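Down below is the structure, laid out as structure tokens.
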Amino acid sequence: MEPTGSDVKEVDPTPSAVPMISMQAVNKHFGSLHVLKDIDLEVDRGQVIVVLGPSGSGKSTLCRTINRLEPIDSGTIAIDGEILPSEGKKLAQLRSDVGMVFQSFNLFAHKTILQNVTLAPMKVRKKSKAEAREKAMELLERVGIANQADKYPAQLSGGQQQRVAIARSLAMNPKVMLFDEPTSALDPEMINEVLNVMTSLAADGMTMLVVTHEMGFARGAANRVVFMDGGAIVESAEPSQFFTNPQTDRAKDFLGKILHH
Ligand SMILES: Nc1ncnc2c1ncn2[C@@H]1O[C@H](COP(=O)(O)OP(=O)(O)OP(=O)(O)O)[C@@H](O)[C@H]1O
Ligand SMILES: [Mg+2]
């Protein structure tokens with residue numbers, strides 16, 4: 001018997017052609033401040049983008065719009081081909097596809113490390129306790145702190161807490177990870193342990209957008225550097241290109257300041 005139309009599985013012929021993150025003509029204001037100006041940004045599956053720019057240029061706001069922590073005024077944002085709705089159940093689903101790690105670790109102080117990591121998978125993904133624990137321990141192992149599982153956040157160093165925050169995000173199986181200055185609050189000796197975790201995530205193929213001043217990470221792990229100034233993307237280039245041959249005076253000025261510190 002010939003298969004009828006409904007028996008034939010639809011196969012997307014070019015799934016990798018859909019960018020994992022796609023922002024088109026995104027604008028946002030805070031009152032009279034035009035904080036994101038016509039942002040166009042595409043991040044392919046598995047790519048790592050480092051976002052650089054002076055203080056107040058809109059880097060955090062950009063991150064926050066990608067999972068709708070901040071609403072936008074116009075334009076579209078799509079994750080894996082799905083346009084982010086402004087509210088509702090679908091938003092919650094898409095938002096959980098986007099993990100976010102901030103400068104401050106934001107762990108639940110009165111829950112153990114293990115509980116911090118199992119909470120959302122149990123509540124939001126309706127995982128059983130056993131299943132959530134198994135996955136959490138695997139992730140804590142991966143970020144190198146499985147032996148701290150029963151401690152509370154305050155008993156851990158900043159670097160360890162940030163690694164818990166990363167494990168907690170990963171526990172939701174996100175398609176994309178956003179990092180907003182994840183090492184800025186850390187003592188120097190703890191920065192590398194967090195960057196190493198991020199580098200290995202990148203090597204495993206995670207799609208990542210990272211706001212950081214860690215130029216070693218940008219040079220070593222990023223596929224592309226995006227430079228923002230005054231709410232706009234003014235340069236987008238491969239790291240080697242951007243660092244050796246920035247095109248705009250604003251980028252040259254910025255690099256001059258941060259590289260000679
Ligand atoms: N909730 C808010 N209400 C009003 N203005 C805001 C708000 N959040 C940010 N801004 C303003 O928007 C601009 C961009 O802020 P944003 O935090 O995105 O910059 P940034 O590039 O992340 O800076 P930094 O490097 O200091 O973290 C700044 O002028 C900031 O003061
Ligand atoms: Mg910021």
Query raised in the report: For residues in region 167-199 being of a type in the set (Val, Ile, Thr) and in contact (Cβ under 8 Å) with a residue 24 or more places away in the chain, which is nearest to ligand 1 (Cβ to nearest atom)?
Result: 183
Report task. Looking at (1) within 16 Å of ligand 2 (Cβ to nearest atom); (2) buried (at least 20 other Cβ atoms within 10 Å of the Cβ), find the lone condition where residue 184 falls short. Result -> (2)
Report summary line: Filter region 52-78 for residues that are touching a Ser or Thr at 6+ places or on another chain (Cβ under 8 Å) and among the β-branched types (Val, Ile, Thr); the one that is farthest from ligand 2 (Cβ to nearest atom) is 76
Query raised in the report: When you go through 213, 260 one by one, which is the residue that is modelled with pLDDT under 95, of a type outside the set (Ser, Thr, Tyr) and either on the phi > 0 side of the Ramachandran plot or away from ligand 1 (no atom under 16 Å from the Cβ) (or both)?
Result: 260
Query raised in the report: Is there any pair with a first residue in region 33-57 that is under 18 Å from residue 19 (Cβ atoms) and a second that is near ligand 1 (Cβ under 7 Å from one of its atoms) and charged (D, E, K, R) whose Cβ atoms are under 7 Å apart and which are 6 or more apart or on different chains, and what are they?
Result: 51/59
Requested in this report: Looking only at region 222-230, decide whether some residue is at pLDDT 95 or above, of a type in the set (Gly, Ala, Ser) and within 25 Å of residue 29 (Cα to Cα).
Outcome: yes
Report summary line: The lone condition residue 80 fails out of (1) away from ligand 1 (no atom under 15 Å from the Cβ); (2) more than 25 Å from residue 242 (Cβ to Cβ); (3) crowded, with 19+ Cβ neighbours inside 10 Å; (4) touching a residue at least 60 places away in the same chain (Cβ under 8 Å) is (3)
Query raised in the report: Considering only region 29-41, how many residues are more than 22 Å from residue 224 (Cβ to Cβ) and either more than 8 Å from ligand 1 (Cβ to nearest atom) or polar (S, T, N, Q) (or both)?
Result: 3
Query raised in the report: Is at least one residue of region 83-106 of a type in the set (A, V, I, L, M), surrounded by fewer than 21 Cβ atoms within 10 Å (Cβ to Cβ) and within 12 Å of ligand 1 (Cβ to nearest atom)?
Result: no
Requested in this report: Would you point out the residue of region 42-58, among those that are within 16 Å of ligand 1 (Cβ to nearest atom) and within 12 Å of the chain's Cα centre (by Cα), that is surrounded by the fewest Cβ atoms within 10 Å (Cβ to Cβ)?
Outcome: 49
Query - Residue, surrounded by the fewest Cβ atoms within 10 Å (Cβ to Cβ), within region 18-41, restricted to residues that are small (Gly, Ala, Ser) and touching a Gly at 6+ places or on another chain (Cβ under 9 Å) - result: 25
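The values are calculated or read from the model by the stated rules, or taken from the named source; none is laboratory data. Treat the numbers as computed from the prediction; the structure is a model and nothing was measured. Using ideal geometry, Cβ is built from the backbone for each residue, glycine included, and neighbour counts are taken over all protein chains shown.
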